[in-house]
Every structure is written in C-alpha cells, then in structure tokens.
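Colleague: Below are the structure tokens for one structure; questions will follow.
The values are calculated or read from the model by the stated rules, or taken from the named source; none is laboratory data. Just so you know, these numbers come straight off a predicted model, no measurement behind them. Reconstructed Cβ throughout: ideal geometry from the backbone, glycine too, with neighbour counts over all protein chains shown.
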Amino acid sequence: MKVIKKIAKLFFQVTENQIRVNTFLMRPLTRSIYMEDNMAYQNAYTAYQRTNINTASQGRLVVLLYEGAVKNLTTALNLFGDDDKLKPKDIETFGNHMQKAQAIITELQVSLDMEKGGDIAKNLMSLYIYFNEEIMSIIINRDKKKLGTILGMIRDLTDSWRQIANSTANAPAAKVSNALNIEG
C-alpha cells in the first residue's frame, strides 16, 4: 500500500508542478498577482490531495491510479487533430502523457498479489501487460483509434474498481476481510 501511495503522491505532485509551470507562462505583471492570489488555493489543493491519498483505502487508491491513467490517456487523445494526426509541437506532450499512463499501469501491475488474488489477479496481470504493450505501440505509431479503444477499456475498469471500492467501504468488516488484496 505504501508503494501505491507514493505513486499517487507523485502523480499529484506532477499535476501541481504542471499548474505552477502554466502560471509562469503568463505575462510578468499579472504573474505576481496571479501567484499571490493562487498560492492559498494551491496550498489548500495540495493539502486536500495529500489528505485524500493518506486516508484512502486500498480500493480508493486503485481508483485514484486508474483515474490518473484515464486523465493522461484522455489528454493524449485530445492532442490529435481532426486529421487524426499529432501536430509536431504536441509530440513531446503526447509522449509524456502516454508514459505517465504507462507508469501507472505498471504500478498497478506490480502491486498485484498473485498468491492471494487468484484468477482475478492473473486476469488483471494479463490486462496490464496487454495495456502496456498497446500503449507502447500507440506511442510508436501514434494510433488515435487504438488509443481510443484502450482508453475505453481502462474507463470501464475504473468504473468497476470505483464500484468495488464503494461497496467494500460500506460493507461490514466480515465482508471486507474477503476483499481482494492488491497490496504489494
């Protein structure tokens, strides 16, 4: 569970840094005003995210990771133009988002408990291997259609994990003890 929390924290720190970088792209005069007004918001947002991660159940952490993968894949998909091609200026951003999604999938993969997870863990392992292979292919070939397909599959899994996390969070302790253990 510590590994998943570290990855989730890393994901949110990257998001926070991206926000900081975007504020520096503003004109110098408005940047200082924007930064002062925005500092309280950023500190509150960062504290909220850290609390969310530190107090999350295993199921909720998995959902957060899936949501991070969906966010990065969606951003990468939105970089494609109407002609289904990437603009040269967007290639690096595309690659960065795809690599973040791949890192999240890899973390989900290595967090599986193959002994306690049984067939479910084996099936998830196969899916994660498939996703990583397809993501690598998408990065190399810049295939918008394949990216859309993978994104749809990961969204479906996100919804499933969200339901699992919600049902085990509200279940009596006896039922929760039988839940799938994904702690690595």
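Colleague: What number of residues in the range 111-133 are more than 16 Å from the chain's Cα centre (by Cα) and touching a residue at least 40 places away in the same chain (Cβ under 8 Å)?
Modeller: 6
Colleague: Looking at (1) at pLDDT 95 or above; (2) surrounded by 16 or more Cβ atoms within 10 Å (Cβ to Cβ); (3) not acidic (Asp, Glu), which one does THR93 not meet, given that it meets all the others?
Modeller: Failed condition: (2).
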